[in-house]
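Below you'll find the structure, written out as structure tokens, and then a few comments.
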Amino acid sequence: VQLQASGGGLVQPGGSLRLSCVASGSISSINAITWYRQAPGKQRELVAAITSGGTTNYADSVKGRFTISRDNAKNVFLQMSSLKSEDTAVYYCNAVRILGWSRYDYWGQGTLVTVSS
């Protein structure tokens with residue numbers, strides 16, 4: 001599985017951005033895709049996740065502002081609205097495959113989101 005994240009950029013507080021995570025390879029066996037972010041000097045944190053069945057999960061800090069979705073090709077999108085300076089981070093997409101008792105994680109290269117006036 002290969003992941004390509006894109007869509008980051010500079011946006012003013014209150015603005016919106018849409019991140020994309022394009023998956024290729026053995027995408028039919030992906031169980032979930034998750035967006036993580038890592039701000040300077042901080043640990044990586046989960047932002048939002050979506051399972052192959054369509055179940056979603058969000059960090060409390062982004063509930064009501066971010067929406068995760070996917071298309072039929074298992075590409076995943078993160079619509080971010082009402083952005084705040086604390087949303088500034090490098091955003092990574094992660095795919096998980098569970099095969100038997102084994103878990104396999106795949107990571108995209110990250111895309112930088114900067115929220116600043």
Condition met for A95 (in contact (Cβ under 8 Å) with a residue 40 or more places away in the chain, under 18 Å from S26 (Cα atoms) and not in a strand (DSSP E or B)): no
Answer from K74, K63 - the residue that is in contact with a helix residue (DSSP H, G or I) (Cβ under 8 Å, 6 or more places away or on another chain), open to solvent by 20 Å² or more (accessible area, probe 1.4 Å) and either part of a loop (DSSP other than H, G, I, E, B) or modelled with pLDDT of 95 or more (or both): K74
Conditions (1) under 14 Å from A5 (Cβ atoms); (2) among the aliphatic types (A, V, I, L, M); (3) in contact with an Asp or Glu (Cβ under 6 Å, 6 or more places away or on another chain); number of the one not met by V115: (1)
Subset of region 84-112 (residues that are in contact with an Asp or Glu (Cβ under 7 Å, 6 or more places away or on another chain) and of a type in the set (V, I, T)): V96
Matching residues, region 45-57, being in contact (Cβ under 8 Å) with a residue 12 or more places away in the chain, open to solvent by 50 Å² or more (accessible area, probe 1.4 Å) and small (G, A, S): S52
Search result, residues across region 1-44 that are assigned to a loop (DSSP other than H, G, I, E, B), within 30 Å of G100 (Cβ to Cβ) and open to solvent by less than 50 Å² (accessible area, probe 1.4 Å): V1, I30
All positions within region 67-112 that are within 22 Å of Q4 (Cβ to Cβ), out of contact with any Pro (no Cβ under 9 Å at 6 or more places or on another chain) and small (G, A, S): S69, A73, A95, G108, G110
Matching residues, region 45-60, being part of a loop (DSSP other than H, G, I, E, B) and either of a type in the set (K, R) or over 17 Å from V1 (Cα atoms) (or both): G53, G54, T55, A59, D60
Matching residues, region 77-110, being loosely packed, with under 13 Cβ neighbours inside 10 Å and acidic (D, E): E86, D105
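The values are calculated or read from the model by the stated rules, or taken from the named source; none is laboratory data. Every value quoted in this text rests on a predicted model; they were computed, and no experiment measured them. No Cβ is skipped: glycine too gets one built from the backbone with ideal geometry, and neighbour counts run over all protein chains shown. With ligands, DNA and RNA removed, areas are computed over all heavy atoms of the protein, side chains included. Shrake-Rupley method; radii C 1.70, N 1.55, O 1.52, S 1.80 Å.
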